[in-house]
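Following: one structure in structure tokens, then a few remarks.
The values are calculated or read from the model by the stated rules, or taken from the named source; none is laboratory data. As the structure is a prediction and not an experimental result, all values here were calculated from the model. Here the Cβ positions follow ideal geometry from the backbone for every residue, glycine too, while neighbour counts run over all protein chains shown.
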Amino acid sequence: MALTYSQNVFQDIALFELRGKITSESDLEQLVQETASKSKIIFNLRQLEQTNSTGINFMIRTLTRCRINGGELLITGLGGNVEKLFQLAKIDSLFTVKVSDDDAINYFQQSN
């Protein structure tokens, strides 16, 4: 299953629910455009089955862009193979991980 996603916006917070697999740059083209102008982003990875270095690099670039613009990228729903990859690559400490989307939204609202 290729990457699919849905987007919801709460004020200035963009929530993306990622599903399927990230296996190439072409999987991310539309998502890159959707996230480019946002500085407060939540990636819900609950239904992301698999990613590789392409997906990891995209998430790190998005995190960097958010921080440069005074925002943050939060991760929710981290589990399974994706969580193992984050731990093996030692990138789980780079990201702020929240248990739920509501926790992530509250984090952003409290930091305003």
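Give the residues of region 80-103 that are farther than 18 Å from residue 60 by Cα and small (Gly, Ala, Ser), sorted by residue number.
80, 100
Just one of the numbered conditions (1) under 19 Å from residue 7 (Cβ atoms); (2) assigned to a loop (DSSP other than H, G, I, E, B) is not true of residue 93; which one?
Result: residue 93 fails condition (1) only.
Going by what's in this entry, would residue 52 be described as closer than 18 Å to residue 4 by Cα, in contact with a Leu (Cβ under 7 Å, 6 or more places away or on another chain) and polar (S, T, N, Q)?
no
Under the condition of being small (Gly, Ala, Ser) and in contact with an Asp or Glu (Cβ under 9 Å, 6 or more places away or on another chain), which residue from region 17-51 is nearest to residue 78 (Cα to Cα)? Break it down into steps so the answer makes sense when it comes.
First, the residues of region 17-51 that are small (Gly, Ala, Ser): 20, 24, 26, 36-37, 39.
Narrowing the set further to residues that are in contact with an Asp or Glu (Cβ under 9 Å, 6 or more places away or on another chain) leaves 20, 39.
On the way: 20: 14, 39: 21 Å.
So, considering only residues that are small (Gly, Ala, Ser) and in contact with an Asp or Glu (Cβ under 9 Å, 6 or more places away or on another chain), the one nearest to residue 78 (Cα to Cα) is 20.
For the subset of region 72-86 comprising residues that are assigned to a strand (DSSP E or B) and in contact with a Phe, Trp or Tyr (Cβ under 7 Å, 6 or more places away or on another chain), which member is nearest to residue 51 (Cα to Cα)? Show your work before the answer.
Taking region 72-86 as the starting set, the residues that turn out to be assigned to a strand (DSSP E or B) are 72-76.
Subset that is in contact with a Phe, Trp or Tyr (Cβ under 7 Å, 6 or more places away or on another chain): 73-75.
Numbers: 73: 17, 74: 17, 75: 14 Å.
Looking at residues that are assigned to a strand (DSSP E or B) and in contact with a Phe, Trp or Tyr (Cβ under 7 Å, 6 or more places away or on another chain), I get 75.
Please work out if residue 75 is β-branched (Val, Ile, Thr), surrounded by 14 or more Cβ atoms within 10 Å (Cβ to Cβ), within 12 Å of the chain's Cα centre (by Cα) and modelled with pLDDT of 95 or more.
Details: β-branched (Val, Ile, Thr): yes; surrounded by 14 or more Cβ atoms within 10 Å (Cβ to Cβ): yes; within 12 Å of the chain's Cα centre (by Cα): yes; modelled with pLDDT of 95 or more: yes.
Criteria met by residue 75.
Kindly provide the set of residues from region 97-112 that are surrounded by 12 or more Cβ atoms within 10 Å (Cβ to Cβ) and either at pLDDT below 95 or touching a strand residue (DSSP E or B) at 6+ places or on another chain (Cβ under 8 Å) (or both), ordered by number. Full working, then the answer.
Looking only at region 97-112, we keep the residues that are surrounded by 12 or more Cβ atoms within 10 Å (Cβ to Cβ), and these are 97-98, 100-101, 103-109.
Matches in region 97-112: 97, 98, 100, 101, 103, 104, 105, 107, 108, 109.
Of the residues that sit in region 14-33 and are surrounded by 16 or more Cβ atoms within 10 Å (Cβ to Cβ) and of a type in the set (A, V, I, L, M, F, W, C), which one is farthest from residue 3 (Cα to Cα)?
14
Given the options 36, 2, name the one that is more than 18 Å from residue 67 (Cα to Cα) and surrounded by fewer than 18 Cβ atoms within 10 Å (Cβ to Cβ).
Working: 36 fails: more than 18 Å from residue 67 (Cα to Cα).
The match here is 2.
Looking at region 55-84, which of its residues are in contact with a helix residue (DSSP H, G or I) (Cβ under 6 Å, 6 or more places away or on another chain) and β-branched (Val, Ile, Thr)? Explain how you work it out, then say what you get.
First, pick out the residues of region 55-84 that are in contact with a helix residue (DSSP H, G or I) (Cβ under 6 Å, 6 or more places away or on another chain): 58, 62, 72-74, 76.
Those that are in contact with a helix residue (DSSP H, G or I) (Cβ under 6 Å, 6 or more places away or on another chain) and β-branched (Val, Ile, Thr): 62, 76.
In region 59-71, is there at least one residue being modelled with pLDDT under 90, polar (S, T, N, Q) and not in a helix (DSSP H, G or I)? Give the derivation first.
Taking region 59-71 first, the residues modelled with pLDDT under 90 are none.
No, region 59-71 contains no residue that is modelled with pLDDT under 90, polar (S, T, N, Q) and not in a helix (DSSP H, G or I).
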